[in-house]
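S.K.: This is the structure, below, for whatever I ask next.
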Amino acid sequence: MRAERRWGWLLAAPAILGFGIFTIGPMIASLFFSLTDWQIGAPAKFIGLGNYRQLGHDPLFWKSLNVTTYYTLGVVPLTLVVGFVIAMLVNQGIRGRGFWRTVYYLPTLVPAVASSVLWIWIFNPDFGLLNSMLRQAGLPTSSWIYGEQSAVPSLILMSTWGFGNAMVIFLAGLQGVPRQLYEAVAIDGGGTWARFRHVTLPFMTPTIFYNLVTGTIGTFQVFNQAYIMTQGGPNNATEFYIYYLYTKAFTDSEIGYASALAWVLFVIVLVITVLLFRNARRWVYYEMGAAR
Amino acid sequence: MTREGSLVRRTAVWVLLAAGGLIMVTPFAWLVRSALMDDNQIFVSPPEWIPKPFAWANFSGALGSQPFARYFLNTMIIEVLVVTGTVLTCALAAFSFSRLRWRGRNLIFGLLLTGVMLPYAVTLIPTFVMWGSVGALDTFIPLTVPAWFAGAGGGVFNIFLFRQFFLTIPFELDEAAYIDGATPWKVFWGVIMPLSKPVVVVVVIFTFIGVWNDFLGPLLYLTSDSKYTLALGLAGFQSTYTAQWGFLMAASLVVILPIILIFFVLQRYFVEGVTLTGVKG
């Protein structure tokens, strides 16, 4: 049907155009920019791989890569474990399920700016909530985001507080675990642990994998906390990758160099994603014949 | 399982949830109490939890010291434009990808899906340069126009969501309408959309919250104070009024409250929304 084909293209046109204008076009442009020495206000000069070579000698590039990796390795596992455990708890047949789900999801809803403002105050070494509580309990206090050693762990703690998205996705996954299998385990004399180990966990591996991939991609791009709370400090301890890219592009106006940073990030994320997918074959369980 | 066992279990679950819930809620409680204290009481050590007296003036003080009404209006203008554009163009694209047959359809849909994996940093700089070259900096255009192209980039998630839902609607309905001489446009509005209210609500909520929470976009594109959004206004407020914690906490509370209210009213859609996406393998 020719009419159907015409309508098909027409109705999908905004999406196709959008993809071309706002994804493919900028991607190609970004690659081109990354091969130039271009400061805003001056003409661009083609320098080949010069920016990439310079990256290798840039201590802040390596620093930002380290900081971001450290943060990702902290936040992703913590979010997965906490999100999974809480999702299982709020999936029980308990009274007030909706209430508990709301309580645990709440931090995820708070605008990043507002939660950053709130946590600056919680982390305040003199009057903040955390040190006040530690003092009252007679424990040693911390300098939190103001200490070089404690800054990233503090931000990991803060980010884990927002595990709500992972939890909701786990909840959705838990709805798909076949109930009959639990009964089968019970007949075989298996207890709570056996049910978890042999039914829940295998059936949840695709969901765990989904959260692992999206969580890793997301945390590699953290920006707001570095910008609002720490400005990359103290002593570059929270110089996150995107924050560094942002300052290069929009403070120093080094468009070419910042574009090279962006492409390196793209390649890193791509490699990690491919590695995760490869590795997934060994542990992600897909129900046989679950074709829908 | 004995009755007694399940009672013990339930109590244990309840205790765990309550303990965890306390940790989740404490920062909010801290925010609320600080928003209602004057600066003398905020800095008392050990800290007090009950404001005495309640410093309601923080709210009028905070809202009066910055044009928050203006920020709110700006945010709502962007919200209306983005939510309308996203729902309309994403639903139309999903309709085309799921219910109209045309060659190349699956290939293009697959291509669009790859966009989800792309770090936003890659497109950030060229997009900024592009808007600059057409003279759209410091306007709402860069923040709203991409929404009318199926949300561009991140909008693929919404197309996916709509498509999943549309696939559950019986195809006989379309066929009946086509036999009566309807165009795809009429089928979309007359058959599909009226049956798709749940997924529309989900996309509206997620899009609304995305705009409300967006910080980087306004930070990049808006430079004049009169065009600031709430998130941007609050961040500026943070760096200007670091001494006035009561004001700052009151302003934060004002930015958070609408979202929390929306969540309480529409709570079930949040969980349903994710179930709809069919995350499972």
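S.K.: Relative contact order for chain B: what is it in percent, counting Cα pairs under 8 Å that are at least 6 residues apart?
M.R.: 30
S.K.: Can you work out the base-10 log of I(q)/I(0) for chain A at q = 0.14 1/Å, using the Debye formula on its C-alpha atoms alone?
M.R.: -1.18
S.K.: Further question on the same structure: Not counting ligands, DNA or RNA, and with a 1.4 Å probe, what is B:Ser60's accessible surface area in Å² rounded to the nearest 10?
M.R.: Accessible area, nearest 10 Å²: 80 Å².
S.K.: Further question: Return the long-range amide H neighbours of A:Thr36 (sequence gap of 5 or more, or a different chain), with a cut-off of under 5 Å between placed amide H atoms.
M.R.: Hits under the 5 Å cutoff: A:Ile47.
S.K.: Find which of B:Ser196, B:Ala177, B:Leu219 sits farthest along the positive direction of the dipole of chain B, computed with +1 on the beta-carbon of Lys and Arg, -1 on that of Asp and Glu, about the Cα centre.
M.R.: The residue sitting most towards the positive pole is B:Ala177.
S.K.: Can you work out ³J(HN,Hα) from phi for every residue in the stretch B:64-70, in order, using Karplus 6.51 cos²θ - 1.76 cosθ + 1.60 and θ = phi - 60°, giving whole Hz and x for Gly and Pro?
M.R.: Going residue by residue, I get x, 7, 9, x, 5, 4, 4 Hz, with x marking Gly and Pro.
S.K.: In nanometres, what is the gap between the two model label sites at A:Phe277 and B:Phe171, each 7 Å from Cα along Cα-to-Cβ?
M.R.: Between A:Phe277 and B:Phe171, the simple spin-label model gives 2.8 nm.
S.K.: Over chain A, what is the relative contact order in percent, taking alpha-carbon pairs closer than 8 angstrom and at least six residues apart?
M.R.: This gives 28 percent for chain A.
S.K.: Keeping the other protein chains in place, figure out the carbon and sulfur percent of the accessible area of the stretch A:232-292, with a 1.4 Å probe.
M.R.: That share works out to 58 percent.
S.K.: Sticking with this one: Keeping the other protein chains in place, figure out the carbon and sulfur percent of the accessible area of the stretch B:14-53, with a 1.4 Å probe.
M.R.: Exposed carbon and sulfur together represent 76 percent of the surface.
S.K.: A further question follows. Mind listing which GluC sites (Glu not before Pro) in the stretch A:230-292 are in a DSSP loop and have 14 or fewer other Cβ atoms within 10 Å?
M.R.: Those that pass, being in a loop and sparsely packed, are A:Glu287.
S.K.: Dipole size in debye (nearest 20) for chain A around its Cα centre, Lys and Arg Cβ +1, Asp and Glu Cβ -1?
M.R.: For this selection, approximately 940 debye.
S.K.: Then there is this: Out of A:Ala186, A:Ala262, A:Gly18, whose Cα points farthest toward the positive end of the dipole of chain A (charges: +1 Lys, Arg; -1 Asp, Glu; placed on Cβ)?
M.R.: A:Ala186
S.K.: Taking the Cα centre of the protein assembly as shown as origin, work out the dipole magnitude from +1 charges on Lys and Arg Cβ and -1 charges on Asp and Glu Cβ, in debye rounded to 20.
M.R.: 1540
S.K.: Sticking with this one: Out of B:Phe162, B:Thr84, A:Gln221, whose Cα points farthest toward the positive end of the dipole of the protein assembly as shown (charges: +1 Lys, Arg; -1 Asp, Glu; placed on Cβ)?
M.R.: Going by the charge dipole, the pick is B:Phe162.
S.K.: Percent of Cα-Cα pairs per 20 Å bin, from 0 to the last occupied bin, for the protein assembly as shown, please list those.
M.R.: 18, 52, 28, 2
S.K.: Could you list the chymotrypsin sites (Phe, Trp or Tyr not before Pro) in the stretch B:90-121 that lie in coil according to DSSP, counting only those with at most 10 other Cβ atoms within 10 Å of their Cβ?
M.R.: Nothing satisfies the criteria.
S.K.: Dipole magnitude of the stretch A:46-203 about its Cα centre, charges +1 at Lys/Arg Cβ and -1 at Asp/Glu Cβ only, in debye to the nearest 20?
M.R.: So the magnitude is around 320 debye.
S.K.: Nearest 100 Å² is fine: how much accessible area is buried between A and B, summed over both sides, with a 1.4 Å probe?
M.R.: That pair hides around 8200 Å² of surface in total.
S.K.: Taking a point 7 angstrom from the Cα of B:Leu22 along the C-beta vector, which residues in the stretch A:116-133 have backbone N less than 19 Å away?
M.R.: It comes to A:129-133, nothing else.
The values are calculated or read from the model by the stated rules, or taken from the named source; none is laboratory data. For clarity, every value in this text was computed on a predicted model and none was experimentally measured. Using ideal geometry, Cβ is built from the backbone for each residue, glycine included, and neighbour counts are taken over all protein chains shown. Each accessible area value is taken on the protein alone, full model and side chains, heavy atoms only, with ligands, DNA and RNA left out. Shrake-Rupley method; radii C 1.70, N 1.55, O 1.52, S 1.80 Å.
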